[in-house]
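Novice: Just dropping this structure here.
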Amino acid sequence: MKKLLIILLLMGVIYPAAMAKDEIDSYRYSTSEARLLDFNPSVAPIPLSVEVKVIGQRIHRKITLTREELAKRVINNDYNKTLENLRSYAVFITSGVYDCDLIVGARFNFEVTSDHGAVIEIFGYPANFVNWGGHTGALPAAKEINPNYGE
């Protein structure tokens, strides 16, 4: 009986030890002799002289937006940002029609139509930039651009 007890005891100790798996931890390690060349953008404002030449008579253009088109231009239910967006859109369309760089003395009129669309009216003088002239002399110091500006 003692022999049986000793055999069972040894089996209880030896068997689990024999069945245990060897665990191997592995790690990946990579290295390189290459180095990064960090890019630190900077900007140097260079004064520029340019003339504005009015290229025609005073214009008056109406731009009509359907309900769906107007809905696409509404910015987060923010009235001021929406008006700014509509102004930019009117200038974009009008400058393309009159082939101009800017509209001098622009005035705008916004009207919501009965079908919940809108009519944007723009008044002003189409003009182009002419006689571009570069800076001659010492350049100002470059300023570092902060890529996280506004965050």
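Novice: With respect to the numbered conditions (1) on the phi > 0 side of the Ramachandran plot; (2) open to solvent by 40 Å² or more (accessible area, probe 1.4 Å); (3) touching a Lys or Arg at 6+ places or on another chain (Cβ under 8 Å), which one is the sole condition not fulfilled by F108?
Specialist: (1)
Novice: Do you know which residues across the range 111-134 are open to solvent by 40 Å² or more (accessible area, probe 1.4 Å), among the hydroxyl-bearing types (S, T, Y) and in a loop (DSSP other than H, G, I, E, B)?
Specialist: Once the filter is applied, which keeps residues that are open to solvent by 40 Å² or more (accessible area, probe 1.4 Å), among the hydroxyl-bearing types (S, T, Y) and in a loop (DSSP other than H, G, I, E, B), the range 111-134 yields only S114.
Novice: Any idea which of R58, R35 is at pLDDT below 90 and over 29 Å from the mean Cα position of the chain (by Cα)?
Specialist: Criteria check complete, one pass: R35.
Novice: So, in the range 61-86, how many residues would count as being among the hydroxyl-bearing types (S, T, Y) and modelled with pLDDT of 90 or more?
Specialist: Total satisfying the criteria: 2.
Novice: Could you say whether any residue in the range 90-97 is small (G, A, S), outside any helix (DSSP H, G or I), modelled with pLDDT of 90 or more and surrounded by 14 or more Cβ atoms within 10 Å (Cβ to Cβ)?
Specialist: Looking through the range 90-97, none of the residues is small (G, A, S), outside any helix (DSSP H, G or I), modelled with pLDDT of 90 or more and surrounded by 14 or more Cβ atoms within 10 Å (Cβ to Cβ).
Novice: Tell me which residues, restricted to the range 59-78, are of a type in the set (D, E, K, R) and under 8 Å from G117 (Cβ atoms).
Specialist: R67, E69, listed by residue number.
Novice: When T82 is evaluated against the numbered criteria (1) assigned to a helix (DSSP H, G or I); (2) open to solvent by 50 Å² or more (accessible area, probe 1.4 Å), which criterion, by number, is the only one it fails?
Specialist: Only one criterion is unmet by T82, namely (2).
The values are calculated or read from the model by the stated rules, or taken from the named source; none is laboratory data. As the structure is a computational prediction, the values presented were derived from the model and not from experiment. When we count neighbours, we look across all protein chains shown, and the Cβ atoms used for this are built from the backbone with ideal geometry, even at glycine. We work out accessible area using only protein heavy atoms, side chains counted, and drop any ligands, DNA or RNA first. Shrake-Rupley method; radii C 1.70, N 1.55, O 1.52, S 1.80 Å.
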